[in-house]
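Let me begin by presenting the structure, written as structure tokens, before commenting on it.
Here, each number is a calculation from the coordinates, and none is a lab measurement. Computed from a prediction, not measured in an experiment: that's the story for all the values here. Because the Cβ atoms are built from the backbone with ideal geometry, glycine has one as well, and the counts that use them run over all protein chains shown.
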Amino acid sequence: MRKGLALWSAMLFLAATAAAQDAPGSSFSLLAPASAPAARSSRPGPFERYSWQLGFGYSFVRFNQAFTGNSVSLNGINTSIARYFNDWMAIEGEAAPTFGSTGGVGSKFLFYGAGVRIADRSGGRIEPWAHAILGGARFFPRAASGTDSVAYEVGGGADWRATQQFSFRVQGDWVGTRLFNTTQNNLKIAGGFVFNF
């Protein structure tokens, strides 16, 4: 968990310094908003680089129940929104509710958080990226204590641009949680689509 927090902190620091460098003629402060960049990049390439991305799709989580010694397969949705401040760095928010069954009882796992995304946005059809997100996790049913936790997600993926504003996405992540007073290392695989605007 400490390694995940350290990685997230380092990426957030790099993101803040990059935003400061890319805002021409403005002094940088973490408390003051940077000057707004243009809606899209003017660099050459077949695809425009829009500032915002909204993603939605299917999510599969293999939840490691260290407290019972079993793993549970959960299926649900993955939602994300990202705001790029330059051609390679964005601030991202994500929520991924998933559903399954534990011992015949319906169970739910929710991950939510915010962090930094680094991408290769050279204007080509394929856009690979990596991200680190810090947030929280919640497990249902809430029959015992410890069903809420600080959580992190580290991973990456690629977007395939079908049109200027529509992309398909695949991603894989490692989700770390500490529920029921034990540490879980969970695998998440997601796929869906992205709207660029």
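Looking at the square roots a ≥ b ≥ c of the eigenvalues of the Cα gyration tensor of the range 50-197, which shape do they give, rounded for a/c under 1.5, prolate if a/b is larger than b/c, or oblate? Display every interim value, and only then the final one.
On the way: a/c = 2.66, a/b = 2.09, b/c = 1.27.
Prolate shape, in that a/c is at least 1.5 and a/b is the bigger ratio.
Using a cut-off of 15 Å between beta-carbons, work out the net charge of the residues near Ala114 (Lys and Arg +1, Asp and Glu -1, Ala114 not included). Spell out each step's value before the answer.
Details: positive: Arg83, Arg117; negative: Glu92, Glu94, Glu153, Asp173.
Within the 15 Å Cβ shell, the charges total -2.
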Rounded, prolate or oblate for the range 70-153? Axes are the square roots of the Cα gyration tensor eigenvalues, ordered a ≥ b ≥ c, and the cut-off for rounded is a/c under 1.5.
prolate
Between Tyr50 and Ser101, what length comes free when the chain is fully extended (0.36 nm per residue of separation minus the Cα-Cα distance, one decimal in nm)?
14.4 nm
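By average Cβ neighbour count within 10 Å, what is the ranking of 161-170, 91-100 from highest down?
Values: 161-170: 14.8, 91-100: 18.8.
The densest-packed peptide leads the list: 91-100, 161-170.
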By average C-beta atoms within 10 angstrom, highest first, the peptides 106-116, 50-60:
106-116, 50-60
Given 178-187, 125-134, the highest-first ranking by average Cβ count within 10 Å works out to 125-134, 178-187
